[in-house]
Structures are given as C-alpha cells and as structure tokens.
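K.L.:
Below: one structure in structure tokens.
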Amino acid sequence: MMAKADTIVVVGVGARTPLGFDAASSAAAVRAGISAIQNHPYMIDRFGERMKVTRDIGVDVDLRGADRAVEIAASPALDALRPFLESGATAAVTLILSTGEPRPGQLDGFAAQVDTRLRKHLGQHVVLEGGGSTAGGHAGGLLAIYHACKSLRDGTAKFCLAGGVDTYLEPETLEWLDENEQLHSDTTTYGFCPGEAAAFALLTTLGVARAHGLRPLLEIVGTSISSEENRIKTETVALGEGLGAAFRFLFQDAPINKVDRIICDMNGERYRGNEYGFAVIRNPGRFKDAADFETPADCWGDVGAASGLLFVSLITEAEARGYQPGPLSLIWASSENGTRAGVLLGGPRRAAR
C-alpha cells in the first residue's frame, strides 16, 4: 500500500545532551550505556554531599536563565533545519517550543523568553512564522509534536519545527528539588539526577517532503495527549488513568501491529514506574514486551521537556544505522502538572511505500 501524501514525516532532527553535542554521539553513548552523571561543581545537598547531576560541559556553569537554555538549544535546532536549508526550500517554518514547567529558579515568562531569543537566532537562517511556546514540562516535547501535526493537518503550516529544551541546573531549582526529596543520592534512592538538554524535529507531510527532495527519516503514526488527576507529589495513588488513556487514544487509530520499542522518561521516581504498569494493564495485547522499555535518563539524566524529542532522535539514529528492533515505536512522557503525551513512530520504509 502506498503511503498517503498527507502522511506526516520527520525530515530533520537535532539533539544536544550531556552525552554529546549532536544526535549521533548522544545516541551512540546511550546505546553503549555510558552515564554522564557526575557531582555538581559546587552545589551541596541537605546531607552535605555534592548533588548528582548531568550537565552540558560546553556551556559555562555560571550561565543562567533563558540565555543558558538558548545556548543549549541553538545548535540542535539548526541541525534539525539543515536538510531544509540545504534543499533550497523558501517556505516559512512554524516553530513550536516547550520548556520546563514553572518552578523556583525559573522566572515568569521563561518559555516566552527562550522562544523569542531562539527565534532571533534562527531568523538569521530561516523565515519563522507562527507557532509559539509552552512551559510543558516532561511531556512538553511530545506536546510540541502533537501541535505541529495538528498545524500540518489543518494546513496552517507547511513545515513545523517542534522543539524541547530544559535545564534543571539553576541553584534555586536544585535546592527546591532537594527540599522535595527528588534528588537522587545515597540516601534518596528513588530520586532523579537533574540534567539539561535540547532536541528538535522538523516535520512536514510526505507530499511536501517529496516536492522538496527531502528524505523521510520517520513517520508520525499517531499522537495523543491526556491528563492525570492523581499527580506526583500529592496524597493520591497513581493508577495510570491518564497515561492509560493516552495509550488508548494512540492505539485507536494505529495499525494492529504490536509495539516493537518503548522509550520513556522514567527517571527513578517510584510514581512513574507505578503509573506505567497500570497504563499497560489498561491496554493489553498492544506490546510485544511491555517490560522491555528504555529509560535514557539513566544515561543523560532527567532532561525534562527535551525528553520526548530526544527519543525521536534515538529512533532516527537506530533506523539510519540498522539496529531498530522493529517498525513501530512508542515514546511517552509525563509532566508533573498532569499532562500525559504519547507518540507512535514508524520507520522511514513505511512512509516511502
């Protein structure tokens, strides 16, 4: 069966993580199981130990706020745009960007500040029109993909650059995580190692990609969002209703094939594992092996809003280098604000048919 011209495809990706300054090196490090977790240069936790973090060593440790986020985001955004720029296409690109949720150490309007400054930087290379930003948290990158797909289907955009950037390394943020007992340490084993990263994916329809000579890297098989009422850091019990609903919405219109690969933003917090377990029970028969999931936070730390789009880059690299286990992948993420998001991805051969 021939893929339809309105099939949405990924034609460019970019990533920058504590493991590498581009998608290829970051994916290779994750595949090798290399960890970037290290002691913070000077931040001490409440037990008197140096905080365990992951950080971008190419960025000055004292650079703060929106400037730090833009410094991390700029190169992967251009990497994702590179095939478009090299094709000679003159169409405008819609930028949809997500950052971390509002929190101590992150000023009001942070997402908008990052968006404005990044647009100014990218505007030297490409015409940007429309889109916007959101402080979406862990699910933010996948939310960006969801809204990009909607814009492409509505015909309000021809190309969409979906992005996620996050950094937990503000001192106030780290102290807040420590107070909430969320920092991983020898004492707090169910905490996480905060990090920073950025990732982007350039999306368009298969018809437009062909018209511009752009090679599809992946197909967006489906996207979904939902909300969880029983949130982390509350007295409620996680029963996976929100994530289970996100999976159900994805599978409603998906091919009957079982999912071959699962990548998620589990970071060591017990809540997330419980949530996933219940969500799987609510969607029986859709996974080849639901217990065989990947948690890249073990390697690059918890990178918040960058997570979902980094997962896209991992699958893109696996497809390009021939080690992807099968054609259908599920990526998902959960924000502390209750947002749940999932994306089903198919290999480029599926889109090319």
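The values are calculated or read from the model by the stated rules, or taken from the named source; none is laboratory data. Quantities reported herein were computed from a predicted structural model and do not represent experimental measurements. With ideal geometry, Cβ positions are generated from the backbone for all residues, glycine too; neighbour counts draw on all protein chains shown. Accessible surface is based on the protein model in full, side chains and every heavy atom, while ligands, DNA and RNA are left aside. Shrake-Rupley method; radii C 1.70, N 1.55, O 1.52, S 1.80 Å.
K.L.:
Could I have the simple spin-label model distance between ARG46 and ALA291, label points 7 Å from Cα toward Cβ, reported in nm to one decimal?
P.N.:
3.6
K.L.:
So, in nm, how far is label GLU235 from label ASP154 when the simple model puts each one 7 Å beyond its Cα toward the Cβ?
P.N.:
Result for the modelled spin labels: 4.1 nm.
K.L.:
Excluding residues on the same chain fewer than 8 positions from LYS258, give the lysines whose Cα lies under 23 Å from its Cα.
P.N.:
Straight-distance partners of LYS258: LYS4, LYS288.
K.L.:
Between LEU85 and LYS258, what's the calculated FRET efficiency when r is the beta-carbon distance and R0 is 41 Å? Round to 0.05.
P.N.:
0.60
K.L.:
Mind putting a number on the dipole of the chain about its Cα centre? Charges go on the C-beta only, +1 for Lys and Arg and -1 for Asp and Glu, and I need it in Debye to the nearest 20.
P.N.:
1600
K.L.:
Relative to the Cα centre, what is the charge dipole magnitude of the stretch 49-106, using +1 at the beta carbon of each Lys and Arg, -1 at the beta carbon of each Asp and Glu, and rounding to the nearest 20 debye?
P.N.:
180
K.L.:
Can you give me the % of accessible surface on the stretch 161-237 that is carbon or sulfur? Probe 1.4 Å, all protein chains present, nothing else counted.
P.N.:
On the stretch 161-237, the fraction of accessible area on carbon and sulfur atoms equals 44 percent.
K.L.:
Along the charge dipole of the stretch 90-210, which of GLY163, LEU183, GLY136 sits closest to the positive end, that is, farthest toward it, with unit charges on the beta carbon of Lys, Arg, Asp and Glu (+1, +1, -1, -1)?
P.N.:
With unit charges placed on the Cβ atoms, the residue in question is GLY163.
K.L.:
Hey, how many Å between the Cα centroid of the stretch 268-317 and the Cα centroid of the stretch 48-110?
P.N.:
Taking the Cα centre of each part, the stretch 268-317 and the stretch 48-110 sit 22 Å apart.
K.L.:
Using a 1.4 angstrom probe, figure out how much accessible area the chain has per residue, in square angstrom, rounded to the nearest whole.
P.N.:
Value for the chain: 40 Å² per residue.
K.L.:
If you project the alpha carbons of the stretch 200-345 onto the principal axes, what extent comes out on each, in Å, largest first?
P.N.:
53, 32, 25
K.L.:
Using the charge dipole of the chain (Lys, Arg: +1 at Cβ; Asp, Glu: -1 at Cβ; taken about the Cα centre), state which of ASN257, GLN124, ILE96 has its Cα farthest towards the positive end.
P.N.:
Final value for the positive-end residue is ASN257.
K.L.:
Putting +1 on Lys and Arg Cβ atoms and -1 on Asp and Glu Cβ atoms, find which of ALA305, ALA318, ALA29 reaches farthest to the positive end of the dipole of the chain.
P.N.:
ALA318
K.L.:
Given a 1.4 angstrom probe, I'd like the percentage of the accessible area of the stretch 268-342 that is carbon and sulfur, rounded to a whole number.
P.N.:
51
K.L.:
Additional query: Using a simple charge model, +1 on the beta-carbon of Lys and Arg, -1 on the beta-carbon of Asp and Glu, nothing else, what dipole does the stretch 166-258 show about its Cα centre, in debye to the nearest 20?
P.N.:
In debye, rounded to 20, the stretch 166-258 gives about 1000.
K.L.:
Show me, for the stretch 242-258, the HN-Hα J-couplings you get by feeding each phi into the Karplus relation (A = 6.51, B = -1.76, C = 1.60, θ = phi - 60°), rounded to Hz, glycine and proline as x.
P.N.:
x, 5, x, 5, 4, 5, 4, 4, 4, 6, 4, 10, 8, x, 6, 4, 7
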